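These notes concern the structure reproduced below.
Every number in this text was worked out from the coordinates using simple rules, so none of it is lab data. Bear in mind the structure is a predicted one, so any value in this text is a computation, not a measurement. Here the Cβ positions follow ideal geometry from the backbone for every residue, glycine too, while neighbour counts run over all protein chains shown.
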Amino acid sequence: MKRDSLIQELKEQLKFKDFELNSMLEISKGINSNQSVDYLISVYEFILKEQLGLDKFVLFIKQDHWEYLIKSGVKGRIKDIEIERDLKRFKDITLIESSSNRELNQFDVVIPVVHQGKAIAYLLLKDRSISTSNFIGSNSTTDLSFIQTLTNIIVVAIENKRMNKQSIIQERINKELEVASEMQKLLFPDNLPSDKRLDLAATYTARHEVGGDYYDFIPINKNEFIVCIADVSGKGISAAMLMANFQATIRTLLGFERFDLEYLIHELNKKVMLAAKGEKFITFFIGHYHMVSRRLKYINAGHNHPILTNGKKAQFLDKGSIGLGMLEEVPFIEPDEITIAPNSTLILYTDGVVELQNKAGEYFQTDRLIKLIHSFYPLKMEDLNNLIFSKLDEFRETEDLVDDTAIFSCRIF
């Protein structure tokens, strides 16, 4: 019964991730096709009311002054809520447990929307499923974060539509991309370990404001962890959204202790096909390492071959499958399992590294990358990454980056 319950919960989480992606795509389509403000508001209200089941909410936005843009399930005018007095103190999603303001007290949650350090909107909502006891650490926090992101996109889009001059339009684009870039940074792990057993470091540069590269470090317990890296075909916001959904799916599946890599690859392929509908695919490498046995099991799904080296001799981790989302079903999976010798280094990277070109049209290629790693092998991983990126800049001189560029370096002692 417990297994059935876990599987059902997993299905529900994956279903919600699909809902999140589809909602974002619907809003993005409306924005990209220059739909009216009324249309965007109607889609936003439909998502909150019909799909999330929220029957009472109010959205305040900052124009020349604060005003409510949307009101649902609230009778009459809202007169007694002042933004400066009642809402400015909320910096994060907050449960409203008790307030002396009667109008504010009829809501359960306040969701601030912040852009460039300033509040641009506040969403008040009533949700009977949220209580003091289940708010922290529950799925409600995930749902509310999604609502916050959705509201951010809507509010920024509406603000942008009211800009007329070309210079302001350019500023609008920059704001949108900055928001997307900040959202994308949330995909990457905050703290990578550097201790007596491991030294991990990662460096990432997007060709444009947002990109389609992703890397991750996922601890399982004190002796096991997952490392992975991925690259989506195509660039821009749609690629970043696809990768965000991809990362969420990985962490959801691993959260249910499904460490079977073949199973994971099949499930991820289904999700990419469903989300991208064959228009994009993702190359992906994932490794599951046990620090006691020193065994690394990995699958390389069409990604650039990671480099494993002892500082003198390098080998490529090239066993696996085709890229994810290329076909409805993955035709083959060839996992591999190897032993990691002490003081080995594993370098994961995306094609922006080896496909970088100089003025003469030469590619940087893996040979140069391996030579750099061997020449500066004693360096800490952060210093090695910085050196590699310095050499990449030196190599390309004034040439532009050809792609997003990520390096995830792992020293295993």
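Values as computed for the structure displayed
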quantity	calculated
Sparse-neighbour loop sites [trypsin sites (Lys or Arg not before Pro); the stretch 72-102; at most 15 other C-beta within 10 Å; DSSP]	75, 77, 79, 88, 89, 91
Sites residue 41 and residue 367, calculated FRET efficiency, Cβ-Cβ separation with R0 45 Å, nearest 0.05	0.20
Label-to-label distance, nm, for residues given as residue 387 and residue 251 (7 Å Cα→Cβ offset)	3.3 nm
Exceeding the 31 Å Cα-Cα cut-off - candidates 29/56; 271/313; 196/280; 49/270; 118/380; 297/380	271/313; 196/280; 118/380
Potential lengthening between residue 292 and residue 334 on full extension [0.36 nm per residue; Cα-Cα distance subtracted]	12.7 nm
Packing-based order for 214-221, 28-35, 67-74, using average beta carbon neighbours within 10 Å, highest first	214-221, 67-74, 28-35
Among 261-268, 373-380, the order from most to least packed when residues are scored by Cβ within 10 Å on average	261-268, 373-380
